[in-house]
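Working notes for the structure below.
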Amino acid sequence: MSDWINRPLSEIYKAFQEERLTPEALINEAIARYEKWEPILKAYKTWDNESSAKQAKYASQILKAGKATSLLTGIPLSVKDIYGVTGFPIYAGSPKKLPEIWSNDGLLIGNVRKKVPVITGKTHTVEFAFGGLGTNPHWGTPRNPWDANQHRVPGGSSSGAGVSLWQGSALIAFGTDTGGSVRVPASMTGTVGLKTTKNRWSTNLITRLSSSFDTPGILAKSVEDIAYGFASIDPETLDREASVVRPKEINNVKIGITKDYFWDKCTNDIATEVDKFISNLASMGATTVPIEMKEVYPAVELWSEGSIVASEGYEFLQTNLPDWIQTLDPNVANRLEVAKKAKTINYIKALEKLSTLSTKMWNKLDAIDVLAIPTVPISPPLLSDIEDPKEYSKNNILALSNTMPVNTLGLCALSMPIGKDKFGMPVGLQLVTLPDREESLISIALGIEKKYGTPIEQFGTPPLGGNL
C-alpha cells in the first residue's frame with residue numbers, strides 16, 4: 001500500500017485524473033488504517049466499511065465516465081455525530097439514538113454528497129457539543145494520538161475529528177464550532193481547523209447548541225488541504241482547481257499582535273512557542289501592529305454568564321429532545337443549569353452588548369490582515385486528571401478561553417500547528433480576521449505553510465496513527 005492517505009489532496013486529485021489511483025484503492029487504505037488504529041484511538045461512533053466501499057465504487061464510475069466536476073469526488077470524509085447524514089444513525093454524543101428526522105442529510109451535507117465523496121462514518125462528540133476537552137462518559141473519549149503512553153484528551157467538542165485525520169480514515173473532517181469546537185481539537189491534535197463565519201455554511205439538521213454562535217467547520221492535516229476542502233464545500237466557490245485559494249507572501253501581511261487577554265492564561269512554554277513564531281514571521285517581512293483588545297474581556301464575561309449559549313442549548317433540548325435531558329453527561333448538565341436561572345431580559349441585553357462590542361472590534365481588525373494569538377493556552381490534559389468535576393470545569397474553561405471571543409464577536413478564524421509544548425504535544429497558532437474573509441485568512445495561512453512546510457513536513461506523524 002502506497003500511503004496515499006498522508007499525501008496532499010491536490011496530489012490525490014491529480015492521481016485520480018491521471019488514473020494512477022482509484023477511490024477504491026484510497027478507501028481500502030483508509031479502511032486498513034481504521035482497522036489498525038480505531039481500537040486504540042476510538043475516533044468514531046459509527047463506521048461502515050460496506051457503505052464506504054459502495055461510495056468509492058460509484059466515485060470511480062463517475063471519474064471513469066469523465067463526469068467528475070468536484071475536487072471532493074472519491075475523497076474520504078468523516079462527519080461529527082451532531083450532523084444528520086443519511087444512512088447513519090445520530091446520537092449527538094447522547095446515550096440513545098435521536099429521532100429519525102435528525103438522520104437525514106442537512107443542506108450542507110446534502111450539497112457535499114452531490115460531489116460524490118466517500119463519507120466513512122460519524123465521529124465522536126461531546127454530548128450535544130457542549131464542552132471543549134472532548135470527553136464523553138456514554139461512549140468514551142477519543143485518545144490524542146500524540147501521546148503514546150498516556151490517554152490525553154483530543155479537544156472538543158469535535159473530539160473524533162482531528163483523531164480521524166491522523167488515524168488515516170479521513171482526509172477532511174467535518175466539525176462544528178460554537179466556542180472553539182473546531183479550533184481546540186485542531187490545536188490539540190496538531191491539525192488545521194477552519195471556523196467559518198456565522199451563517200456562511202448552513203446549520204440545517206445539525207443539532208443545535210447555540211443559534212447565535214453555531215458554525216460548521218472543517219479540519220485537515222494541512223492548510224493546503226483546508227484550501228482544497230474550502231474550495232469544494234463553500235457555496236460561493238466554483239469547486240475546481242482554479243477556485244483553490246493561493247498563498248499570500250508573508251512580507252505582504254499585516255499582523256495584529258496583542259499582549260493582553262489572549263496571553264493571560266498561557267503556560268510559559270506555549271506562550272514562548274507562539275511568541276517566537278510570530279517574531280519569526282516579522283523577521284521574514286510581515287508587518288506587526290500592536291492592538292489593544294479590551295473589548296474581549298466584557299465579551300468573555302457575557303459568555304461566561306451563560307445566559308446566551310446555555311439558554312439556547314437548553315431551549316433546543318426542551319423543545320426537540322426533552323427525554324434526552326435526564327441522561328445528560330453531568331459536566332454538560334452542570335453547564336446548562338445556568339439556563340434555568342437566566343432571565344429573558346438578561347439574554348437580550350447580553351446579545352445587544354455583544355453587538356456593540358463586535359462593532360468596536362471589527363473597526364480595529366479592519367486595520368490589519370489577521371490577528372495572531374495562541375489557539376489553546378494549555379496542553380491537552382490527561383483524561384485521568386479531569387475526572388473530578390472541578391478539575392474538568394477549570395480545564396474546560398481554559399481550553400476554550402482563547403477561542404470563545406472569536407464566536408462572541410462574530411469573527412472567523414483558523415488554527416494551525418506551529419510547534420510543540422514541554423510535553424511534546426502540539427501548539428496551535430490562531431489567525432483571526434473579520435467575518436466573510438475566509439479566502440484571505442486561508443491565503444495568509446498558506447503563505448506561512450509555504451515557508452515552514454506542512455505539519456507532516458515539520459513534525460512528522462504522531463506515534464499513534466499516521467501510518468500502517
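Here the contact order of the chain, divided by its residue count and restricted to Cα pairs under 8 Å and six or more residues apart, works out to 19 percent.
Anisotropy class assigned to region 53-171 is oblate, per the alpha carbon gyration tensor with a/c at or over the 1.5 cut-off and a/b no larger than b/c. For region 228-310, the fraction of C-alpha pairs more than 15 angstrom apart is 73%. Bridgeable aspartates and glutamates around Lys115 (alpha carbons under 17 Å apart, same-chain partners fewer than 8 residues away excluded): Glu24, Asp105, Asp225, Asp234, Glu236, Asp239, Glu241.
Taking Lys and Arg as +1 and Asp and Glu as -1, the other residues whose beta-carbon sits under 11 Å from that of Leu446 total -1. Kirkwood hydrodynamic radius computed over region 69-123 comes to 11.5 Å, based on all pairs of distinct alpha carbons. In the structure shown, the pairs Lys42/Lys64; Lys360/Lys451; Lys390/Lys422 are assessed against 30 Å; a Cα-Cα span above that value is assigned to Lys42/Lys64; Lys360/Lys451.
Taking the Kirkwood radius as Rh and the Cα radius of gyration as Rg, region 313-423 has a ratio of Rg/Rh equal to 1.03. In terms of overall dimensions, region 9-84 has a Cα radius of gyration and Dmax of 13.3, 40 angstrom. Measuring from centroid to centroid over Cα atoms, what is the spacing of region 222-271 and region 308-324 in Å? Region 222-271 and region 308-324 have Cα centres separated by 33 Å. Two tests apply to each whole DSSP H helix in the chain, Cα reach of 24 Å or more along its axis and mean Kyte-Doolittle hydropathy of at least -0.5, and the ones passing both are 23-41, 344-365. Listed by chain and number, the aspartates and glutamates placed with their C-alpha closer than 15 angstrom to that of Lys221 are Asp3, Glu11, Glu449, Glu457; residues fewer than eight positions away on the same chain are left out.
Percent of C-alpha pairs per 20 Å bin in the chain, short distances first: 27, 61, 12, 0. Ranked for footprinting exposure by Cβ neighbours inside 10 Å, fewest first, Asp366, Asp275 give Asp366, Asp275.
The order of Met416, Met188, going from fewest to most other C-beta atoms within 10 Å of their C-beta, is Met416, Met188. Here Asp239, Asp269 are placed in order of increasing Cβ neighbour count within 10 Å, fewest first, which gives Asp269, Asp239.
Would you mind working out the magnitude of the charge dipole of region 280-415 relative to its Cα centre, with +1 at each Lys and Arg C-beta and -1 at each Asp and Glu C-beta, to the nearest 20 Debye?
For region 280-415, the charge dipole is close to 420 debye.
Computed about the Cα centre, the dipole magnitude for region 410-468 is approximately 240 debye when only Lys and Arg (+1) and Asp and Glu (-1) carry charge, each at its Cβ.
When +1 charges are put on Lys and Arg Cβ atoms and -1 charges on Asp and Glu Cβ atoms, the dipole computed for the chain relative to its Cα centre reaches about 300 debye. Between the residues Met284, Thr433, Ala173, the greatest Cα displacement towards the positive end of the dipole of region 4-459, with unit charges on the Cβ of Lys, Arg, Asp and Glu, is found for Ala173.
Values quoted throughout were computed directly from the atomic coordinates according to the rules given, and no laboratory measurement underlies them. Given the structure is predicted, the values throughout are model-derived calculations rather than measurements. For neighbour counting, all protein chains shown are included, and Cβ atoms are generated from backbone atoms with ideal geometry for every residue, glycine included.
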